[in-house]
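A.B. asks: Have a look at this one before I ask anything.
The values are calculated or read from the model by the stated rules, or taken from the named source; none is laboratory data. Model, not experiment: these values are computed from the prediction. Every residue, glycine among them, receives a Cβ derived from its backbone with ideal geometry; neighbour counts consider all protein chains shown.
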């Protein structure tokens, strides 16, 4: 195992003993680590190692990666990233939901180039493809998950104990084959947002959730906060994990449920409080969300 990875692992276990399952060797120069965070943030400090590439996959929760240059990238469930361990030194990981579950695969390009897995001998994936396609100039790449990548990453979890290691080895090979043949496009790569953009999106989020009785359109938000409508929708989904409509509907329904439980307000009053002029439309939306009518929910 690489000495620097051992130091990182010990550092993680010292401050957050519950989050790391240990680094598991798969092939010479390739190791995997499962992570479960139940904290708000975590600082990453280690040597700048250009020869070690880290692949991170978000299974559950959300992770905000704040790089030294001040930019932030959000990984939501299914998303993944690649970067050298030079790019992530002195960075901060934040977990908006207070939890995070995922995995990291570490690839020591020097060691694995000298002793490549049998299936990858002569492929040049470690000499050129990974460092030049995905980690050129030590810049990180953050990618949106798709059906194929989800099929690969999901198999790293929930396997019988006796089959864990074989699955880990097979799926790591499958992931490397996928990366070898995939072409990077702008639609695959997740956007990188400046702190000022994030501040605006959070203001918009607060405007919507604190005033759920109001109905405000994307165009009205765009004009009020001086942000392009497309940028607004894309940034909001990257930061909060869902579209504006889905996110606000969730808040409306949960707030309505709280009012049903904790107050004596009528269904019509609650409907208006969460932005519905029509009681029937509210009732239909509530039943779709909770699978029960508001009156039945209140009785239960």
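A.B. asks: Determine if segment 144-166 includes at least one residue that is within 21 Å of the chain's Cα centre (by Cα), assigned by TED's automatic domain parsing to the domain that holds residue 77 and under 22 Å from residue 67 (Cβ atoms).
C.D. replies: Yes.
A.B. asks: Tell me whether segment 110-120 contains one or more residues that are at positive phi and either assigned to a helix (DSSP H, G or I) or in contact with a strand residue (DSSP E or B) (Cβ under 8 Å, 6 or more places away or on another chain) (or both).
C.D. replies: No, that holds for no residue.
A.B. asks: Return the pairs, sorted by first residue and then second, in which the second residue is modelled with pLDDT of 90 or more and in a strand (DSSP E or B), the first residue lies in segment 26-40 and is not assigned by TED's automatic domain parsing to the domain that holds residue 77, the beta carbons are less than 9 Å apart, and the residues are 6+ apart or on different chains.
C.D. replies: No pair meets every condition.
A.B. asks: Only one of these is buried (at least 16 other Cβ atoms within 10 Å of the Cβ), part of a helix (DSSP H, G or I) and at pLDDT 95 or above: 239, 270. Name it.
C.D. replies: Exactly one of 239, 270 is buried (at least 16 other Cβ atoms within 10 Å of the Cβ), part of a helix (DSSP H, G or I) and at pLDDT 95 or above, namely 270.
A.B. asks: Based on what the data block shows, is residue 164 modelled with pLDDT of 85 or more, under 30 Å from residue 33 (Cβ atoms), touching a strand residue (DSSP E or B) at 6+ places or on another chain (Cβ under 9 Å) and assigned to a helix (DSSP H, G or I)?
C.D. replies: Spelling it out, residue 164 is indeed modelled with pLDDT of 85 or more, under 30 Å from residue 33 (Cβ atoms), touching a strand residue (DSSP E or B) at 6+ places or on another chain (Cβ under 9 Å) and assigned to a helix (DSSP H, G or I).
A.B. asks: Also, I was wondering about something else. Is it the case, given these coordinates, that residue 182 is under 30 Å from residue 24 (Cβ atoms) and out of contact with any helix residue (DSSP H, G or I) (no Cβ under 6 Å at 6 or more places or on another chain)?
C.D. replies: On the way: under 30 Å from residue 24 (Cβ atoms): yes; out of contact with any helix residue (DSSP H, G or I) (no Cβ under 6 Å at 6 or more places or on another chain): yes.
Considered against the rule, which asks whether it is under 30 Å from residue 24 (Cβ atoms) and out of contact with any helix residue (DSSP H, G or I) (no Cβ under 6 Å at 6 or more places or on another chain), residue 182 comes out as yes.
A.B. asks: From 247, 211, which residue is under 28 Å from residue 74 (Cα atoms) and surrounded by 13 or more Cβ atoms within 10 Å (Cβ to Cβ)?
C.D. replies: Checking each option against the conditions leaves just 247.
A.B. asks: Only one residue in 265, 237, 249 is out of contact with any helix residue (DSSP H, G or I) (no Cβ under 7 Å at 6 or more places or on another chain), without any contact (Cβ under 8 Å) to a residue 12 or more places away in the chain and not assigned by TED's automatic domain parsing to the domain that holds residue 93. Which one?
C.D. replies: 237
A.B. asks: Looking at 55, 73 in this structure, which one is within 25 Å of residue 108 (Cα to Cα) and at pLDDT below 80?
C.D. replies: Step by step, each of 55, 73 is checked, and only 73 is within 25 Å of residue 108 (Cα to Cα) and at pLDDT below 80.
A.B. asks: While we're looking at this one, here's another question. Just for segment 177-212: of the residues that are more than 21 Å from the chain's Cα centre (by Cα) and within 26 Å of residue 153 (Cα to Cα), which one is modelled with the lowest pLDDT?
C.D. replies: Within segment 177-212, the match that is modelled with the lowest pLDDT is 183.
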